[in-house]
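Data first, discussion second: the structure below is written as structure tokens.
The values are calculated or read from the model by the stated rules, or taken from the named source; none is laboratory data. Remember, predicted model here, so these are calculated numbers, not experimental data. Every residue, glycine as well, gets a Cβ built from its backbone with ideal geometry; the counts of neighbours run over all protein chains shown.
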């Protein structure tokens, strides 16, 4: 260019250095925060990144920038190796069933809550950030676009229906009330474990129309258990956009499994209520930042695992019960009517 000289060339070098610094900072944050973007597809992105670092782009005098970017690659290597977390305290001693062919009421409520929690945590912690983008969990191919969210929501529905099935399948009213009290007790234990997702599964099952209508059965449930269920329900009430639940969640110390339905509602609201581009046809970064903040909170609760021993026989029981032994909604209602016929039919 006319008027160019050594000074202008120096400015160009300074500009390149600034650009590379920005790229380096971006790559480091990306590698540290979303390692899964690099580690999928046989680490193809990592291979290309390594080739770029080895290219002529990084001359002898740019070794400082090379070292900076290499740190991002080291972060990825660290993410690719699962580290065993050492707990300061031993896990609770598992309470195993006393007999092989055990039934629901043979199980310890606390142990059942622990096994529900460790199974739920396994799926929750496997969810990748990209599953929360563009309402992927609502797509027709959601098993591909949001596989772990899909697994978590499917298990939620099956577990709630299993609870309903267990209650309405018991024809003896006294034993049916015992099953109700048992599940309320499991909900109490889930609360102690900060498993809000599991608590909502319990509440969903107990407050379903087929179970809620069993007035005579509920009359046999102790007042203390009724009060406990009401307290759990108040904590997860929808009023004011789950205000009480959000306050409770943020007051607890990890490990925690949040109720994922609240986050999915928040993300849906942000996606539907904000345009992707501004009136000037620029990317709406304000929308992206709000979505990012929700995903950050979700990922935050994936960092601390539960110190719980797997009890294989209970987990197998839960897998079988929530897949093969669950009645359909229509069947559940039919059984509910057998337990307590409508008032007109009873006359």
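Only one residue in 187, 205 is assigned to a helix (DSSP H, G or I), modelled with pLDDT of 95 or more and under 20 Å from residue 252 (Cβ atoms), so which one is that?
Every option except 187 fails the conditions.
Inspect all residues belonging to region 121-132 and state whether any of them is modelled with pLDDT of 95 or more and more than 13 Å from the chain's Cα centre (by Cα).
no
So residue 171 fits all but one of (1) under 30 Å from residue 341 (Cβ atoms); (2) touching a residue at least 60 places away in the same chain (Cβ under 8 Å); (3) in a helix (DSSP H, G or I); what number is the exception?
(3)
Just one of (1) closer than 20 Å to residue 299 by Cα; (2) at pLDDT 95 or above; (3) over 20 Å from the mean Cα position of the chain (by Cα) trips up residue 117, so point out which.
Looking at each condition in turn, residue 117 falls short on (3).
Considering only residues that are farther than 17 Å from residue 293 by Cβ and in contact with a helix residue (DSSP H, G or I) (Cβ under 9 Å, 6 or more places away or on another chain), look in region 253-266 and name the one that is surrounded by the fewest Cβ atoms within 10 Å (Cβ to Cβ).
254
Test residue 314 against the stated conditions and say whether it is in a helix (DSSP H, G or I), under 25 Å from the mean Cα position of the chain (by Cα), touching a residue at least 40 places away in the same chain (Cβ under 8 Å) and within 30 Å of residue 166 (Cα to Cα).
So residue 314 passes the test.
Condition first: touching a helix residue (DSSP H, G or I) at 6+ places or on another chain (Cβ under 8 Å) and either at positive phi or not in a loop (DSSP other than H, G, I, E, B) (or both). Now tell me which residues in region 224-240 satisfy that.
Listed by number, the residues that qualify are 225, 226, 228, 229, 232, 233, 234, 235.
Consider region 317-331. How many of its residues are without any contact (Cβ under 8 Å) to a residue 40 or more places away in the chain and within 30 Å of residue 89 (Cα to Cα)?
Number of matching residues: 1.
Being surrounded by 13 or more Cβ atoms within 10 Å (Cβ to Cβ) and free of Cβ contacts under 8 Å to residues at least 24 places away in the same chain is the filter here; which residues of region 279-303 pass it?
Hits for region 279-303 are 284, 287, 288, 290, 292.
Would you call residue 148 surrounded by 22 or more Cβ atoms within 10 Å (Cβ to Cβ) and at pLDDT 95 or above?
Considered against the rule, which asks whether it is surrounded by 22 or more Cβ atoms within 10 Å (Cβ to Cβ) and at pLDDT 95 or above, residue 148 comes out as no.
Would you check which residues across region 98-113 are out of contact with any helix residue (DSSP H, G or I) (no Cβ under 9 Å at 6 or more places or on another chain) and under 14 Å from residue 163 (Cα atoms) and list them?
Residue satisfying the conditions is 103 alone.
Taking the criterion of being loosely packed, with under 12 Cβ neighbours inside 10 Å, touching a residue at least 40 places away in the same chain (Cβ under 8 Å), part of a helix (DSSP H, G or I) and in the same structural domain as residue 198 (by TED's automatic domain parsing), would at least one residue in region 332-345 satisfy it?
Yes, because at least one residue in region 332-345 is loosely packed, with under 12 Cβ neighbours inside 10 Å, touching a residue at least 40 places away in the same chain (Cβ under 8 Å), part of a helix (DSSP H, G or I) and in the same structural domain as residue 198 (by TED's automatic domain parsing).
Out of everything in region 269-290 that is out of contact with any helix residue (DSSP H, G or I) (no Cβ under 6 Å at 6 or more places or on another chain) and in a helix (DSSP H, G or I), what residue ends up being farthest from residue 195 (Cα to Cα)?
285
What about residue 221, is it part of a loop (DSSP other than H, G, I, E, B) and touching a residue at least 12 places away in the same chain (Cβ under 8 Å)?
yes
Name the residue, out of 248, 165, 154, that is out of contact with any helix residue (DSSP H, G or I) (no Cβ under 7 Å at 6 or more places or on another chain), in the same structural domain as residue 113 (by TED's automatic domain parsing), modelled with pLDDT of 95 or more and not in a loop (DSSP other than H, G, I, E, B).
Every option except 154 fails the conditions.
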